[in-house]
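S.K.: Got a structure for you, written out below as structure tokens; questions coming shortly.
Just so it is clear, none of the values below were taken in a lab; they were calculated from the coordinates. Remember, predicted model here, so these are calculated numbers, not experimental data. Using ideal geometry, Cβ is built from the backbone for each residue, glycine included, and neighbour counts are taken over all protein chains shown.
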Amino acid sequence: MYQTAIPYPFLRVYRNHASSTETGGEPTPKDYTPEDLVAIWEEFLGDQERRHQVSTIADLYPDVRSIYVEFSSIEKFDPDLANYTLTNPARSLGAAEDAIKRMVSHALTNPFLHFRIKGLPRDSRVEVRKLRAKHLGTFVSVEGLVRKATEVRPRVTIAEFECARCGFQISVDQDGMQFQEPLECPKDDGGCGRGSGSTKFRLVTDPSTFVDTQKIEIQEPPEGLRGGAQPERLVGYIEDDIAGKLSPGDRIIINGILKSQQKGAQIKSTLFDISIDVNSVEYEEHEYEEIVITPEDEEMIREFAASPDVLDKVVSSISPTIYGYTQEKEALALQLFGGVSKTLDDGTRIRGDIHIVMIGDPGTAKSQILRYMAMLAPRGIYTSGKASSAAGLTAAAVKDEFGEGRWTLEAGALVIADKGLACIDELDKMSDQDRSSIHESLEQGTISVAKAGITATLQSRCAVLGAANPKYGRFDENRSIAEQIDLPPALLSRFDAIFTMTDRPNSEMDTRIAKHILTVHRRGEVMLHESSEMIPGVDRDQIISDSDVLMPTMERDFLRKYVAFSKRITPIMSDEAMRTIENYYVSIRKLGEGEGASVPITARQLEALIRMSEASARARLMTVVSAEDASRAIGIVQYYLNKVASEGGRMDIDILATGTSRSQREKIYVLKSLVQQLSDERRGVSMDELIQKASSDNISEEQVRSLLKRLSDAGEVYSPQPGYFKLATEERIG
Ligand code: ADP
Ligand code: MG
């Protein structure tokens, strides 16, 4: 079999993609001939601990085929070598691999090995958006979040061919993405010398060498982005033993060599795209690593927590430019801190994330609040329910250009916001696919994808803050609020708090809001004038000091640190807190015990109460949930239930849980039996007759019309002719 001998310099070239150029790698400096480089790595690897790693490879190959070293250990050994490795990684890493090969040559012949470096210095850490031409060919460290990952599939590295004329075997190294075939059957090595024009070369897959490959796309972590900037992305290629270990949503640091590929398949362009050949992957070890809390910060945080009205201060730091909404903001504050997520003895996970949805008229500052919260919360993201990518809010498996023939798993917003806050505007406009998979995310904090051989469970342990418009764009005063909420009841009941925001003219309130908005704008105008020069008719200093209420009580960075710090605390219910919640729950449930009464609340609200009281304790950095924490939670739940789940002053959770109140259900029942009784065989029954008969059952004309509309929408009744109705199915009523 024909095989090129492998002389130094080593031949295993780091993957070069089709028509890629290596601009960064300067010629080897004098002090490192290829032979020198291998020798110096061999010396480095001779250290006791690393020698141990090498012998593990000799023993356990191919199960173990990578050696990992910390960059700092190279630096300690030889700063020049360390520097050389950063600027000429392909050569240096290749030489290190050759050194390992030499050391294990007694046990293995021509093994496929990797030398992987972790912990690159800070100055090699480059943000995706800052990658430039000067980085090409160098060793860089890029932090990001995995957005897409393909299936793992083999790539041929050495292809074996057979000459159809003489049967001679030829092996061709496959370095790039484009498949290379032999140009001739080499005579010098014993072939027949025919060119590709006069013979055929058949690929023999069996003796060919393959390597597992995976393509990923990382994007900048959302928290590093300046107000509303779109995250930039970078493609990465992962090979061999580290392929297939990443999932979309993972937060990682990738160390690797920056490569370029020429754009344009048919017509070659002078423009190049970049990608990274991954050498090693590091995972985040601690939660919220991106928020650094110094001992001084901690002191300030603890001092702040000692003040009796911490939560009020947090509340007044939430969207201070938005007037009112005190209860809503209080719930949002609790959402920032979150409850305690627990795993019970039987393995059940109970979420600690608090989900909130705001349903309101246009122009009630919903979007404004969502954007603010996304900015405030650690790992907050703002997105719209109207999907902008295939993955939408949840996740998707797609087969497109990115995967180059492979299936790609792509993370949606909820996965990207893992351990953070997902602010989803226009929640009511989400796609059907999202609608069906969002429940799992809300309740379990995971998103499962099972499609085309890809089965994956992605983590999406985030709190959700949703905003939606009422069904007909604006709340109609003549209908109950609940029936105008256009979200499936099964979804709605997963939210710990549901707020409705109505915008009706009210001169007292309007005056206050108008004053507030005007003050906000004027303060903004004044702030654009830096010097306090005299402006006739305007007293700059007075305006600034009068509008000081618009300043958040806590600075944003401090609040973020405070929130991140608070997550270290896992509060426990006190006996009093448990009693308070239990008493409230039982007393409200009692209202539902009487004959014909509705079910006022369910265990879901009970859990919401627990989460919110835990969050309240956390906000005060307290390990014990007090009765006051419980009362605060009760106040919020009671506030929203009164607005959305009550009818005629009575609480009825069925309005939320099923979309139909008990009294409505009864009326529907009565109406359906009327339709059945009064229908004649051919035409059914007329609207007028129904209205007249229904009035004796206390159902108003208005209600008959709206319920009939509902029933026809649901396909339960139909009109054989205009103005007449008949039951669609001949079910027996009564
Ligand atoms: P929505 O998303 O609910 O339709 P927006 O967030 O787009 O509403 O709000 C419209 C504008 O009205 C925003 O500029 C917002 O600041 C202002 N606004 C609405 N309500 C208030 C309020 N209560 N206080 C201050 N500004 C408000
Ligand atoms: Mg909006």
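S.K.: Can you compute the modelled spin-label distance between R682 and K245, with each label point 7 Å from Cα toward Cβ, in nm?
M.R.: Each label point is offset 7 Å from its Cα along the Cβ direction, giving 8.0 nm.
S.K.: I need the phi-derived Karplus couplings for segment 239-244: 6.51 cos²θ - 1.76 cosθ + 1.60, θ = phi - 60°, integer Hz, Gly and Pro marked x.
M.R.: Karplus-based 3J(HN,Hα) across segment 239-244 equals 10, 6, 4, 9, 6, x Hz.
S.K.: Straight-line reach from K386: which aspartates and glutamates have Cα under 17 Å away, leaving out those fewer than 8 places along the same chain?
M.R.: Cross-link targets: E410, D425, E426, D428, D432, D434, D486.
S.K.: Taking only Cα atoms, what is the 0 to 90° angle, nearest 10, from helix 556-566's long axis to the longest principal axis of the chain?
M.R.: Relative to the chain, helix 556-566 is tipped by roughly 90 degrees.
S.K.: List the pair-distance distribution P(r) of segment 317-504, using every Cα-Cα distance, as the percent of pairs falling in each 10 Å bin from 0 up to the bin containing the longest distance, rounded to whole percents.
M.R.: 9, 36, 34, 16, 5, 0
S.K.: On a full-extension model of 0.36 nm per residue, what is the gain between E702 and T511, subtracting their alpha-carbon distance, rounded to one decimal in nm?
M.R.: Values: separation 191, 0.36 × 191 = 68.76 nm, distance 3.46 nm.
The span from E702 to T511 would gain 65.3 nm if fully extended.
S.K.: Roughly how big is the chain's charge dipole about its Cα centre, with Cβ charges of +1 (Lys, Arg) and -1 (Asp, Glu), in debye to the nearest 20?
M.R.: Numbers: 89 positive and 113 negative charges, 316 e Å.
Result for the chain is approximately 1520 debye, rounded to the nearest 20.
S.K.: Of I535, L183, S171, which is farthest on the positive side of the dipole of the chain, counting Cα position, with +1 on Lys and Arg Cβ, -1 on Asp and Glu Cβ, and the Cα centre as origin?
M.R.: L183
S.K.: Arranged from highest to lowest average of other beta-carbon atoms within 10 Å per residue, in what order do the peptides 695-708, 608-621 appear?
M.R.: Values: 695-708: 15.0, 608-621: 26.0.
Going from most to least packed, we get 608-621, 695-708.
S.K.: OK, next. Ordered by packing density, taken as the mean number of other Cβ atoms within 10 Å over each peptide's residues, highest first, how do 422-430, 343-351 rank? Write out the running numbers ahead of the final one.
M.R.: Details: 422-430: 23.0, 343-351: 10.4.
My ranking of the peptides, most packed first, is 422-430, 343-351.
S.K.: May I pose another question? For L271 and L183, FRET efficiency with R0 = 30 Å and r from the beta-carbon atoms, rounded to 0.05? Intermediate values should be presented prior to the final figure.
M.R.: Details: r = 29 Å, r/R0 = 0.98.
The value I calculate is 0.55.
S.K.: Given R₀ = 35 Å, FRET efficiency for R165-T205 by Cβ-Cβ distance, to 0.05?
M.R.: Values: r = 20 Å, r/R0 = 0.58.
Here the calculated transfer efficiency is 0.95.
S.K.: What angle do you read, to the nearest 10 degrees and between 0 and 90, between the alpha-carbon axis of helix 432-444 and the longest principal axis of the chain?
M.R.: Helix 432-444 sits at roughly 90 degrees to that axis.
S.K.: Work out how much length L518 to T56 would gain on full extension: take 0.36 nm times their residue separation and subtract the Cα-Cα distance, in nm to one decimal. Before the final figure, lay out the partial values.
M.R.: Values: separation 462, 0.36 × 462 = 166.32 nm, distance 7.16 nm.
159.2 nm is the gain from fully extending L518 to T56.
S.K.: State the cysteines of the chain left without a partner when partners are defined as other cysteines whose beta carbon lies under 4.7 Å away.
M.R.: Flagged as lacking a Cys partner: C423, C462.
S.K.: While we're on this one: For an R0 of 22 angstrom, estimate the FRET efficiency from the Cβ-Cβ distance between R302 and E555 and round to the nearest 0.05. If you can, show how the numbers build up before the last one.
M.R.: Numbers: r = 17 Å, r/R0 = 0.76.
Efficiency, rounded to the nearest 0.05: 0.85.
S.K.: While we're here: Can you give me the angle between helix 627-644 and the longest principal axis of the chain, using Cα atoms only, in degrees from 0 to 90, rounded to the nearest 10?
M.R.: It is inclined by approximately 70 degrees.
S.K.: Okay, moving on. Can you compute 3J(HN,Hα) from phi for each residue in segment 412-425, using the Karplus curve 6.51 cos²θ - 1.76 cosθ + 1.60 with θ = phi - 60°, rounded to whole Hz and x for Gly and Pro?
M.R.: After applying 6.51 cos²θ - 1.76 cosθ + 1.60, I find x, 4, 5, 6, 5, 8, 3, 6, x, 10, 9, 9, 10, 7 Hz.
S.K.: If each DSSP helix of 4+ residues adds -39,500 (n - 2.57) and the sum is divided by the residues in the chain, what number results at 222 nm, nearest 500 deg cm²/dmol?
M.R.: Values: 22 runs with 250 residues, N = 734.
Rounded to the nearest 500, it is -10500 deg cm²/dmol.
S.K.: So, by mean Cβ neighbours within 10 angstrom, what's the order for 85-96, 298-309 with the highest one leading? Write out the running numbers ahead of the final one.
M.R.: Working: 85-96: 23.5, 298-309: 12.3.
So the peptides 85-96, 298-309, ranked by packing, come out 85-96, 298-309.
S.K.: Work out the length of the dipole vector of segment 58-113 about its Cα centre, built from +1 on the beta-carbon of each Lys and Arg and -1 on the beta-carbon of each Asp and Glu, and round it to the nearest 20 debye.
M.R.: Working: 5 positive and 8 negative charges, 34 e Å.
Rounded to the nearest 20 debye, it is 160 debye.
S.K.: Okay, next question. Identify all aspartates and glutamates with a Cα-Cα distance to K515 below 20 Å; exclude those on the same chain that are fewer than 8 residues away in sequence.
M.R.: D503, E525, D539, D541, D546, D548
S.K.: Can you tell me what percent of all Cα-Cα pairs in segment 133-283 are more than 24 Å apart?
M.R.: On the way: 5584 of 11325 pairs.
Taking all Cα-Cα pairs of segment 133-283, the fraction more than 24 Å apart is 49 percent.
S.K.: Would you please state which residues of segment 561-585 a label at A627 would reach in this model, taking the label point 7 Å out along Cα→Cβ and a backbone N cut-off of under 18 Å?
M.R.: Residues 572-585 qualify, since their backbone N sits under 18 Å from the label point.
S.K.: Next question. Magnitude of the Cβ-charge dipole of segment 662-727, K/R +1 and D/E -1, about the Cα centre, nearest 20 debye?
M.R.: Values: 11 positive and 10 negative charges, 40 e Å.
That gives segment 662-727 a dipole magnitude of about 200 debye.
S.K.: Let me ask something additional. On the Cα set of segment 662-727, report Rg and Dmax in Å, please.
M.R.: 10.6, 33
S.K.: Among all the aspartates and glutamates, which ones have a C-alpha under 12 Å from K200's C-alpha, if same-chain residues fewer than 8 places away are not counted?
M.R.: E162, E181, E184
S.K.: Treat the chain as a sphere of radius equal to its Kirkwood radius over Cα pairs and apply Stokes-Einstein at 37 °C in a medium of 0.692 mPa s; give the translational diffusion coefficient in µm²/s, rounded to a whole number.
M.R.: Values: Rh = 30.9 Å.
Answer from the Stokes-Einstein relation: 106 µm²/s.
S.K.: Enumerate the amide H contacts of A395 below 5 Å, restricted to partners 5 or more residues apart or on another chain; note that Pro and chain-start residues carry no placed amide H.
M.R.: Residues meeting the criterion, in which the H sits 1.01 Å from N, are G412.
S.K.: On a 32 Å Cα-Cα criterion, which of the cross-link pairs K148/K471; K419/K643; K643/K726; K366/K672 come out too long?
M.R.: K148/K471; K643/K726; K366/K672
S.K.: From the cross-link list K134/K245; K130/K329; K342/K451; K329/K429; K429/K709; K263/K399, which pairs have alpha carbons spaced over 27 Å apart? Show your work: numbers first, answer last.
M.R.: Values: K134/K245 30 Å; K130/K329 37 Å; K342/K451 30 Å; K329/K429 24 Å; K429/K709 23 Å; K263/K399 21 Å.
As for pairs spanning more than 27 Å Cα to Cα, those are K134/K245; K130/K329; K342/K451.
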